[in-house]
Amino acid sequence: MKIRALFISTLLSVLTLAAMAQKPKFRVLVVASDAKDHVKMITAARPFFMNLGKENEFAVDFTDDSSIINDLNLSRYQVFVMLHLAPFDMKPEEQAALQRFIEQGKGWVGIHAAGLTGQTFGNARVQPYWQWFEDFMGGITYSPHPAFQKGRLIIEDRKHPATKGMPPTIEISDEWYEWSKSPRANVRVLAVADESSYKQTIVMGDHPLIWTNEKYPKTIYIGVGHDPSVLENKDYVALLKNSILWGASKKKKY
């Protein structure tokens, strides 16, 4: 009986350790756009994020249903990835829930179309403009982007956890979003577009494309990421991984 009891006790210990080993370190919610011009990227991104989570021991829930954005659901997650989901595609109550999530100090990673700010979008008769989000983005509004083309991204700040260890430049193909002005006065810029490497619609001069708003210390906007080809770029993959891990971490100052 003693041997059997010891065996059962050992087995339970092994199973407990195995369960602990499999338990994710944190949970990430990826909410994607359902817009037709982003279908290829979203289709490729689902297995990409699932695999990224598996490799880095965090759990991922992936959806294009924005109705799940509410306080109760968001309380389960440490990081919210806004994948091409435009702010105006969210209902006011969803916007408010996400705003509270960010203001609580949780992690937020906005990718590409997540930065479509400006009152030219949406319908003011249906819902009020989300001014908080424009301010959160550094007080900038989106301008029509140039043609999809190859260009260079200059990593300006290589000390931040999201960009640490990255090369000085990354060459990718993208839409190279443009803005009404540079957000630099209100944000910490991590990377800028090398405007000499592609043809612009508007020459901005100072053209940030990746930045953080240090009023909300675990948030990062990544303006590039239109095409699924970026998911095959090891430096872009490292940027996404680093951004999520940093967003979930407890350390606030860097």
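Residues in the stretch 151-209 that are of a type in the set (V, I, T), within 22 Å of P228 (Cα to Cα) and either crowded, with 19+ Cβ neighbours inside 10 Å or in contact with a helix residue (DSSP H, G or I) (Cβ under 6 Å, 6 or more places away or on another chain) (or both): 5 in all.
For the residues V79, V14, V30, the requirement of being at pLDDT below 95 and not basic (K, R) singles out V14. Checking each residue in the stretch 51-82 for being free of Cβ contacts under 8 Å to residues at least 60 places away in the same chain, among the hydrophobic types (A, V, I, L, M, F, W, C) and under 21 Å from Y221 (Cα atoms) picks out V60, F62, I69, L74, F80, M82. For the stretch 57-88, a tally of residues being under 16 Å from the mean Cα position of the chain (by Cα) and not in a loop (DSSP other than H, G, I, E, B) returns 13. Selection of the stretch 20-52 for residues being farther than 18 Å from E232 by Cβ, crowded, with 16+ Cβ neighbours inside 10 Å and among the small types (G, A, S) yields A32, S33. Within the stretch 220-231, residues that are assigned to a helix (DSSP H, G or I) have Cβ atoms under 7 Å from residues that are surrounded by fewer than 17 Cβ atoms within 10 Å (Cβ to Cβ) and not hydrophobic (A, V, I, L, M, F, W, C) in these pairs: P228/K40; S229/S173, counting only partners at least 6 apart in sequence or on another chain.
The values are calculated or read from the model by the stated rules, or taken from the named source; none is laboratory data. All values reported here derive from a predicted model rather than from experimental measurement. Glycine gets a Cβ as well: all are built from the backbone with ideal geometry, and neighbour counts include every protein chain shown.
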